[in-house]
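Heads up, the thing below is written out as structure tokens.
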Amino acid sequence: MTGPTAQPIYLDHNASAPMPPAVVAAMAEAVAEPGNPSSVHGFGRAARQRIDGARRAVARLVGAAEQEIVFTSGGTEANNLALGGVGAERILVSAIEHDSVLRAAPQAERIPVTADGVVDLDALDAMLARGGGALVSIMLANNETGVIQPVAEAAAVAHRHGAMIHCDAIQAAGRMAVDVGALGADLLSLSGHKLGGPTGVGALVVRSGIALAPMLRGGGQERWRRAGTENIAGIVGFGAAAQAAGEASGDTEMLGAWRDDIERRIRDIAPDVPIYGSEVPRLANTSCLGMPGVKGETQVMAFDLAGIAVSAGSACSSGKVTPSAVLSAMGAAPDAAGEAIRVSLGRGNRAEDVDRFVAVWRDVYQRARRLRQAA
């Protein structure tokens, strides 16, 4: 069955991952208890202990030290704090970064990417050779295509020129191994809801020895790096999600097999379908697919009517639909960049979901083709 009465299917985990029951339970317990973690009485100390436990779990997920974790209101704040907090003379960002990086530093120089969506390290090297105290920002895995970036190699280039490097690992954490030391990142951003935690909480990893000016000033929370009473329930949920994500690493192989099955069957239906980034390493759960002649937002609506949640490869801002900046940076023509959708699998999906997705995709594609032929 592919109609709206079928069981809904969620294939938009890169937008926000569902919360496991253990995360909901941990947050409920935290909400039920009073206490300000800055208070010295027993209730305050209990709240502080809950935050400290979550900090350990988040630090463990990315191989950081506990004192290097700065909790924030989400990934956007973490990215803004990283780009604005180190006082860099120059900022260089890859052309495929998330808007929370691009708009945090509109003056930033753009590092080009290849047609496969991988940052051009030679271009980065040449740009840094021009001098100036620089901060380089490169995401670990792209949110639209899933393409994994050579962050460790970029860090080596940056450090050779005396530059710092920030890594937006928001989409990668919980979907691949992340080790801030192995990456060589000086700063690394995380978000709770991308890995099964709540919205409204994130973290910036600030490696020891990196001076960071706070954006929010007030009390001395987060070692004077981010003022404001901590979001206890959110932080606890983030910690529980980080722990669950570390324990669910075995799902990667299964998700990769399902993604490959989707792409193989779509290509059998329409051999000319572009699959962006398919020739380079990607997150196992992510596929960015074009449908020639059908706008991405049209596809999203058709899938929604069939009870399947996916995302468009184009972004909508203030009612204005524009082609995906990520796909445009990869060299896709405007029409093609506007015809892509993102499928992102995750916890809770089943093999039958693949069958239904492919069936609906085929129906939408064939109906559009018949309409074009009749026109």
- 1/(1 + (r/R0)^6) with r = Cβ-Cβ of residue 369 and residue 182, R0 = 35 Å, i.e. FRET efficiency to nearest 0.05, evaluates to 0.15
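Can you pull the percent of Cα pairs in the stretch 194-245 with separation above 18 Å? Numbers along the way, then the final one.
Numbers: 540 of 1326 pairs.
Percent of Cα pairs beyond 18 Å in the stretch 194-245: 41.
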- Item | More than 32 angstrom apart: percent of Cα pairs within the chain | 35 percent
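For residue 337, what is the net charge nearby, where nearby means another residue's Cβ is under 12 Å from its Cβ and Lys, Arg count +1, Asp, Glu -1?
Result for the neighbourhood of residue 337: -2.
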- Task: For the stretch 217-229, take each phi angle, set θ = phi - 60°, evaluate the Karplus expression 6.51 cos²θ - 1.76 cosθ + 1.60, and give the result in whole Hz per residue in order, putting x for glycine and proline.
- Result: 10, x, x, x, 4, 6, 6, 6, 9, 7, 6, x, 4
- Task: Would you grab the residues whose amide H sits under 5 Å from the one on residue 137? Only those 5+ places off in sequence or on another chain, please, with H modelled 1.01 Å from N.
- Result: 92, 93, 94, 166
- Message: Starting from the 7 Å offset along Cα-to-Cβ, what nm value, one decimal, do you get for the label separation of residue 52 and residue 89?
- Response: 4.3 nm
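Before rounding to the nearest 500, sum -39500 (n - 2.57) across all DSSP H runs of length at least 4 in the chain and divide by the residue total; then give [θ] at 222 nm in deg cm²/dmol.
-12000 deg cm²/dmol
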- Query: Which of 64, 91, 43 sits farthest toward the positive end of the charge dipole of the stretch 1-117, with +1 on the Cβ of Lys and Arg and -1 on the Cβ of Asp and Glu?
  - Reply: 43
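Sort 75-82, 92-99 by packing, meaning the average of other beta carbons within 10 Å per residue, with the highest value first. Don't jump to the answer; show the numbers that get you there.
Values: 75-82: 25.6, 92-99: 23.1.
Highest to lowest by the protection proxy: 75-82, 92-99.
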- Task: Could you pull out which residues in the stretch 19-50 have an amide N less than 12 Å from a spot 7 Å beyond the Cα of residue 66, following the Cα-Cβ vector?
- Result: 48-50
- Please report, in whole Å, how far the alpha carbons of the stretch 77-131 spread along each principal axis, starting with the longest. 29, 26, 15
- Note on the structure: Each label sits 7 Å from Cα toward the beta-carbon; between residue 199 and residue 39 the label points are separated, in nm, by 3.0 nm
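Give me 232, 210, 138 sorted ascending by neighbouring Cβ count inside 10 Å, so fewest comes first. It would help to have the intermediate numbers written out before the result.
Working: 232 22, 210 15, 138 28.
Taking fewest neighbouring Cβ atoms as first place, the list is 210, 232, 138.
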- Task: Please determine, in degrees from 0 to 90 and to the nearest 10, the orientation of helix 42-62 with respect to the longest principal axis defined by the Cα atoms of the chain, where the helix direction is its Cα long axis.
- Result: 50 degrees
- Task: Report relative contact order for the chain in percent, whole number only (criteria: Cα-Cα under 8 Å, sequence separation at least 6).
- Result: 23 percent
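Read-outs: derived from the displayed coordinates by stated rules, not from any lab. Just so it is clear, the model here is predicted, and its values are computed rather than measured. So basically every Cβ, Gly included, is an ideal-geometry build from the backbone, and we count neighbours across all protein chains shown.
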